[in-house]
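Sharing a structure here in structure tokens format.
The values are calculated or read from the model by the stated rules, or taken from the named source; none is laboratory data. None of the values given here were measured: they were computed from a predicted structure. Glycine gets a Cβ as well: all are built from the backbone with ideal geometry, and neighbour counts include every protein chain shown. Please note that ligands, DNA and RNA were not included when accessible areas were found on the heavy atoms of the full protein model with its side chains. Shrake-Rupley method; radii C 1.70, N 1.55, O 1.52, S 1.80 Å.
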Amino acid sequence: MQLRPYQHEAVAAVLAARREGVRRMVLALPTGAGKTVIFAELIRRARHTVLVLAHRDELITQARDKIEAALRRDPNDRRVVAIEQGNASAPRDAAVLVASIRSLHEGRIGRVLAGRDLRLVIYDECHHAVADDNRRVLEQIGAFDPDWPGTLVGFTATTRRADGRGLSEVFERIVYHRTLREMIDDGYLRPLRGLRIATGVDLAAVPEAGDDFDQAALAEAIDIEQRNLLVARSIQDLARDRRTIAFCVGVAHAEHLCQALRGLGVPAGMVCGEMPKPARQRTLERFAQGALRVITNVGVLTEGFDDPGVSAIAMVRPTRSEAVYLQCVGRGMRLLAGDADLQLVGPRDGFDEAVFAQLAARPEVAVA
């Protein structure tokens, strides 16, 4: 696991900030930049107990695997990496704990950390940190105690939240960041090629909630048969044989679009948070194997989903949130031999004009 130059820079930035006295810091890197590789390197250098906080099952397992790979670079490093989540409890000899933040209620935190000298906390997708329940976990860990000798390092692809709350409620400084454009220019992410289609749907009457649309009202406005069929045909024609993720506004919308795609003969599946975990995993496995060409989803694949074989994104859900938009688009930007760019397909009403203009400013992007 060789670090890229900017990943070395990120590690150095964390160490420099800590020497300056910064104890709660953020690294902001686009999806696909290898945030897990960076914090695995920080953990490799740590000499005390490390706690890694994540929100999704996929992120927890992925983090454990990459941390173990980083530690194995040193044959003398025999630290145990263990998961603390649900019924899984880390053994007492575990030096690196990868935990679901939702599992760390007050009683469990005390039990897990008892007798351990916690000096490093890694928070993946740390834009969630300011939520009251998540901040409470950080408080119980001691991250806000001026006498705590440890360091809290947050990683995120976006420093903006839909509710407008700032990360400054938890963190002191962004110590390192790279933009989407920098990553594309340096050849670490795929360039984008965007194609928009007109649907005739008017969103002027859809109310806002926070910095985005009200989701229930939005679903009523766009989950209509004519639009779903038009979007399905566009995915069929414009994404061609690329493996495609379609981001929808609700479960019914995802189901209806999936049905429209199947009606056109496109192998498609759907995943959502309400699905039992085994069924969701089976669908994602079929998608990874190529048995499904398109997968529609509601929120499940916005964060933490890592599949470099995805080279087309259908942004079917309109959004005013730059954070949501860029997270969805980021699912298809990882480099893989084959498709040289990311095909970004979607209704004109599904694109925030300012964000799309930022992405489309590159010469590789064609706006139709």
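Counting only C-alpha contacts under 8 Å and six or more residues apart, can you give the relative contact order of the stretch 249-300 as a whole percent?
Value for the stretch 249-300: 46 percent.
Could you grab the relative contact order for the chain? Cα pairs under 8 Å, six or more apart, rounded to a whole percent.
Worked out over the chain, it gives 19 percent.
Can you tell me the dipole magnitude for the stretch 1-78 around its Cα centre, using point charges on the Cβ only (Lys, Arg +1; Asp, Glu -1), in Debye to the nearest 20?
Details: 15 positive and 9 negative charges, 51 e Å.
It comes to approximately 240 debye.
Of all accessible surface on the chain at a 1.4 Å probe, what whole percent is carbon and sulfur?
Of all accessible area on the chain, carbon and sulfur atoms account for 48 percent.
In whole Å, what is the distance between the alpha-carbon centres of the stretch 243-320 and the stretch 23-69?
If we compute the Cα centre of each part, the gap is 26 Å.
Listed highest first by mean packing, meaning other Cβ atoms within 10 Å per residue, what order do 70-76, 6-12 come in? Please list the in-between numbers first.
Numbers: 70-76: 12.1, 6-12: 18.0.
Ranked by mean Cβ neighbours within 10 Å, highest first: 6-12, 70-76.
Suppose every Lys and Arg Cβ carries +1 and every Asp and Glu Cβ carries -1, with no other charges. What dipole size does the chain come out with about its Cα centre, to the nearest 20 debye? Could you put the intermediate results ahead of the total?
Working: 50 positive and 49 negative charges, 249 e Å.
So the magnitude is around 1200 debye.
Hey, can you find the accessible area per residue of the stretch 61-163 for me, probe 1.4 Å, expressed in square angstrom?
On the way: 4760 Å² over 103 residues.
For the stretch 61-163, the per-residue accessible area is 46 Å².
Can you sort ARG78, ARG331, ARG18, ARG116 by 1.4 Å-probe accessible area, starting with the largest? Walk me through the intermediate numbers first.
On the way: ARG78 200, ARG331 10, ARG18 75, ARG116 35 Å².
Descending accessible area places them as ARG78, ARG18, ARG116, ARG331.
Could you state the orientation-averaged shadow area of the convex hull built on the Cα atoms of the stretch 163-206, in nm² to one decimal?
Values: hull surface 25.2 nm².
Its average projected convex-hull area is 6.3 nm².
For labels at HIS105 and ASP186 in the simple 7 Å Cα→Cβ model, what's the distance in nm?
4.4 nm
Can you pull the accessible area of ASP147 for me, 1.4 Å probe, Å² to the nearest 10?
130 Å²
Please find the FRET efficiency linking ARG73 to GLN215, where r is the Cβ-Cβ separation and R0 is fixed at 30 Å, and quote it to the nearest 0.05. Each step should come with its number before you reach the end.
On the way: r = 45 Å, r/R0 = 1.48.
For ARG73 and GLN215, the calculated efficiency is 0.10.
Let me ask another. Please work out the average accessible area per residue across the stretch 202-340, using the 1.4 Å probe convention, and give it in Å². Don't jump to the answer; show the numbers that get you there.
On the way: 5810 Å² over 139 residues.
Averaged over the residues of the stretch 202-340, the accessible area is 42 Å².
Something else now. Along the charge dipole of the chain, pointing to its positive end and built from +1/-1 on Cβ of Lys, Arg, Asp and Glu, which listed residue (ASN76, CYS328, TYR6) has its Cα farthest out?
Comparing the listed Cα positions along the dipole, ASN76 ranks first.
Between the helical axis of 35-45 and the dominant principal axis of the chain, each derived from Cα atoms, what acute angle in degrees is found, rounded to the nearest 10?
10 degrees
Moving to a separate point now. Using only alpha carbon pairs under 8 Å that are at least six residues apart, calculate the relative contact order of the stretch 95-153 and give it in whole percent.
Numbers: 33 pairs, mean separation 25.5, N = 59.
That works out to 43 percent.
Which of the listed residues, LEU138, GLY250, LEU195, is farthest toward the dipole's positive end in the chain, when Lys, Arg count +1 and Asp, Glu count -1 at the beta-carbon?
Farthest towards the positive end: LEU138.
To check my understanding: the extent here is largest minus smallest coordinate of the Cα atoms along each principal axis. What are those three numbers for the chain, in Å, largest first?
Sorted largest first, the three principal extents are 61, 41, 38 Å.
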